[in-house]
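Colleague: Sharing a structure with you now.
The values are calculated or read from the model by the stated rules, or taken from the named source; none is laboratory data. Because the structure is predicted, anything quoted here is derived from the model rather than measured. All Cβ positions, even for glycine, are placed from backbone atoms using ideal geometry, and neighbour counts span all protein chains on display.
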């Protein structure tokens, strides 16, 4: 587990869209729309009030593949570390 997964995935996600824009594969307007959507997804997620980005990184095994034996309320307590 890494406490920097949120940074690494966010960095990758940010530069993916930026490269598409800079190469002309998507318009600047499209790029800004994508950034807006991703920022809104994070800022409006209820999970932002429950865990820090580092704590979200620690949740990766349970979000991506593993099964948790404890009941979870992921919809309200988790924000994707990709964004």
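Colleague: Inside the range 36-67, can you point out the residues that are within 12 Å of the chain's Cα centre (by Cα) and modelled with pLDDT of 90 or more?
Modeller: The answer is 37, 40.
Colleague: So, one more: Which ones in the range 1-58 are surrounded by 13 or more Cβ atoms within 10 Å (Cβ to Cβ) and touching a residue at least 60 places away in the same chain (Cβ under 8 Å)?
Modeller: 5, 6, 9, 10, 13
Colleague: Among the listed residues 19, 54, which satisfies the condition of being assigned to a helix (DSSP H, G or I) and over 13 Å from residue 80 (Cα atoms)?
Modeller: 19
Colleague: If you check 13, 33, which single one turns out to be modelled with pLDDT of 90 or more and assigned to a helix (DSSP H, G or I)?
Modeller: Answer to the check: 33.
Colleague: Residue under question is residue 79, and the condition is that it be in a loop (DSSP other than H, G, I, E, B) and modelled with pLDDT under 70; does it hold?
Modeller: Taking the combined requirement at face value, the residue does not satisfy it.
Colleague: Is it the case, given these coordinates, that residue 22 is touching a helix residue (DSSP H, G or I) at 6+ places or on another chain (Cβ under 6 Å) and modelled with pLDDT of 75 or more?
Modeller: no
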